[in-house]
Amino acid sequence: MTSTPTITTTRTTLRPFSDDHLTTQYVGWLNDPETVRFSELRHRKHSLEDCRSHIEGLRAGGHYFWAIELRATPHTHIGNITAYLDTANRTAETSILIGHAPSRGQGLGREAWCAVVDHLLQVGALRMIHAGTMSTNTGMLRAFEESGMTIEGRSVGRFLLDSKPVDLILAARHATPTPSDDQ
């Protein structure tokens, strides 16, 4: 099993998600339509029990699950980052959620995201980090850009947001440039 490392940035500390982070506040984020607006988590109601089960599955699968905390006020949990590891292919699919509304719009999520991408490629010895988001999620698109990820694909109309089709944007960052299959 992979042990989730602690990562420190200028303004945040990313700690392994623990039982201390599994609170009614955390579950409330997952059930808040505005918080999960761009996430597929928006399609179901969440409970402490199903969150606990999901977290246990992440741990058992050897994946990383970080709680993002503010360094200025230690142990103030503002969000999470997940990295689903594919060890056979040395890749990870990453996702982020900033649940603490007062922390949004300050670049804290981007700062944490960039640190995780860098960590996974450098210390984690992965060859590629990939993620996807809705084309309307400008904050996540900025995080992709700041972390050195490049847009590698688009699935037109993949999601429905407010009953309207929205594209899925796929991005990745490679540890080293890789030739494409057609070269």
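Conditions tested, residue by residue: (1) more than 19 Å from Thr24 (Cα to Cα); (2) in contact with a helix residue (DSSP H, G or I) (Cβ under 8 Å, 6 or more places away or on another chain); (3) surrounded by 13 or more Cβ atoms within 10 Å (Cβ to Cβ).
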site: Leu58; (1), (2), (3): yes, no, yes
site: Phe65; (1), (2), (3): no, yes, yes
site: Thr76; (1), (2), (3): no, no, yes
site: Thr94; (1), (2), (3): yes, yes, yes
site: Gly99; (1), (2), (3): no, yes, yes
site: Pro102; (1), (2), (3): no, no, no
site: Val117; (1), (2), (3): yes, no, yes
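Here Arg52 does not fit the description of being surrounded by 14 or more Cβ atoms within 10 Å (Cβ to Cβ), on the phi < 0 side of the Ramachandran plot and not in a loop (DSSP other than H, G, I, E, B). Taking the criterion of being surrounded by fewer than 16 Cβ atoms within 10 Å (Cβ to Cβ), of a type in the set (Lys, Arg) and within 27 Å of Leu161 (Cβ to Cβ), would at least one residue in the stretch 83-91 satisfy it? Looking for residues that are surrounded by fewer than 16 Cβ atoms within 10 Å (Cβ to Cβ), of a type in the set (Lys, Arg) and within 27 Å of Leu161 (Cβ to Cβ), one finds none in the stretch 83-91, hence no. Listed by first and then second residue, the pairs linking a residue in the stretch 35-64 that is over 22 Å from Arg90 (Cα atoms) and without any contact (Cβ under 8 Å) to a residue 12 or more places away in the chain to a residue that is surrounded by 13 or more Cβ atoms within 10 Å (Cβ to Cβ) and of a type in the set (Val, Ile, Thr), with Cβ atoms under 6 Å apart and 6 or more places separating them unless they lie on different chains, are Arg42/Val36. Count of the stretch 1-34 residues, restricted to those that are in a loop (DSSP other than H, G, I, E, B) and over 23 Å from His63 (Cα atoms), is 6.
Taking the stretch 22-48 as the range and being surrounded by fewer than 14 Cβ atoms within 10 Å (Cβ to Cβ) and not charged (D, E, K, R) as the test, the residues that pass are Thr23, Thr24, Gln25, Gly28, Pro33, His43, Ser47, Leu48.
Checked against (1) within 25 Å of Asp86 (Cβ to Cβ); (2) of a type in the set (S, T, N, Q); (3) surrounded by 13 or more Cβ atoms within 10 Å (Cβ to Cβ); (4) touching a Pro at 6+ places or on another chain (Cβ under 8 Å), Thr6 passes all but a single condition, namely (3).
Readers should treat all values here as calculations from the given coordinates under stated rules, not as data from a laboratory. Fair warning: this is a prediction, and the values are worked out from it, not measured in the lab. We place every Cβ from the backbone using ideal geometry, glycine too, and count neighbours over all the protein chains shown.
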